[in-house]
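Remarks on the structure that follows.
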Amino acid sequence: MTWSVLSGSATGAALRDLAPQRRQRIRSIVESRGAARLDELSTILGVSQATVRRDLDELAADGAVRRVHGGAVAIGERPSEPHFDVKAVEAAAEKERIAARALELLAPDDTVYLDSGTTVLAVARMLRGWDRLTAVTNSLPAATELAGRGPRLIVVGGEFRERSQAFVGPLTHPLLESIHVDRAFMGTYALSLEEGMTTTDPAEGSTKELAMSRAREVILLADSRKFGTSSLVGAGRLDAIDILVTDDGMDAGAVRDLEQRGIRVIKA
């Protein structure tokens, strides 16, 4: 095989012939490392992230790898959740656009719940000066961002989870059970049609579910890389979500599937 096969003159059939070899290489990389990120594989293979995403989906369907947020892990390997600070700088431009679009769904006098996701934190940064708003949050970074900067602030306490910088678990429940909010801006570690919202930590999952149950409208903020992945425990059923605000990388077929489930999809 020569490099001419990869040139712009390559036929569709020739490109299809390359796919099995590329997927085998992806599988080898994932198995040797235990895990691999989407952007790493794209760089190594010299193909687009969209191509790698399709390859990973095929490999996962065959049981060759396990799909997780942002990449894949070898079968039998437990995915590791990145620290909040790491997630905060991933896809930063997309998160800013998603946050700005989500802000348009908020009314000045609303009571809003701000979840612990990094995209939701981007919303919190945009709420400075919203002095008629009431913000309820279990996110330490969001609370720090908003303290004394406009909105009335209610902080949900509980056990502090360092990895997500959030207060979670049974101690959060009494306060959450006593409130009603107009809208909940939620984040998620993973999202799929089969599993809904999932995350790596049971206490975080149960806190998310309870927060959503206290909202008149649930707005999920999630970039397109999270769709089609799943994690350890449930963090919210699909039918709990009213609106998904995502980036323009979300596949049209995925949008159609979600809308058939009654979720309004907004691309930022």
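Rule-based calculations on the coordinates, nothing more; no lab input. Everything numeric in this text was worked out from a predicted model, so none of it was measured. Cβ: placed from backbone, ideal geometry, glycine included. Neighbour counts: every protein chain shown.
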Next item on the list: Find how many whole Å separate the alpha carbon centroid of the stretch 99-123 from the alpha carbon centroid of the stretch 213-263.
Entry: 16 Å
Notebook entry, point to check: How compact and how long is the chain, expressed as Rg and Dmax of its alpha-carbon atoms in Å?
Noted result: 19.9, 67
Check: Farthest toward the dipole's positive end in the chain, which of Ile26, Thr207, Gly46, given Cβ charges of +1 (Lys, Arg) and -1 (Asp, Glu) about the Cα centre?
Finding: Gly46
Notebook entry, point to check: Counting Lys +1, Arg +1, Asp -1, Glu -1, what net charge surrounds Trp130 among other residues with beta carbon under 10 Å of its beta carbon?
Noted result: +1
Item checked: Options Leu176, Ala135, Ala92, ranked by Cα towards positive dipole end of the chain, top entry (Cβ charges) -> Ala92
Item checked: Net dipole in debye of the chain [+1 Lys, Arg Cβ; -1 Asp, Glu Cβ; about Cα centre; nearest 20] -> 360 debye
Next item on the list: Whole Å is fine, so just give me how far the alpha carbon centre of the stretch 132-151 lies from that of the stretch 15-75.
Entry: 40 Å
Checklist line | Sum of -39500 (n - 2.57) over DSSP H runs of 4+, divided by residues of the chain (222 nm, nearest 500) | finding: -11000 deg cm²/dmol
Next item on the list: Would you pull out the residues with amide H under 5 Å of Leu133's amide H, same chain only if 5 or more places away, H placed 1.01 Å from N?
Entry: Arg152
Check: Which whole-number percent is the relative contact order of the stretch 84-267 (Cα, under 8 Å, 6+ apart)?
Finding: 19 percent
Note to self: Only sites in a loop by DSSP and with at most 14 other Cβ atoms within 10 Å count here; which trypsin sites (Lys or Arg not before Pro) in the stretch 228-267 make the cut?
What the structure shows: Arg237, Arg261
Next item on the list: Tell me the GluC sites (Glu not before Pro) within the stretch 151-254 that lie in a loop according to DSSP and have at most 13 other beta-carbon atoms within 10 Å.
Entry: Glu162, Glu194
Check: So which aspartates and glutamates pass the test for Lys267, namely a Cα distance under 14 Å, with those fewer than 8 places away in the same chain ruled out?
Finding: Glu94, Glu96, Glu104, Asp223, Asp247, Asp248, Asp251, Glu259
Item checked: Per-residue ³J(HN,Hα) for the stretch 57-62, Karplus 6.51 cos²θ - 1.76 cosθ + 1.60, θ = phi - 60°, Hz, x for Gly and Pro -> 4, 5, 5, 5, 4, 7
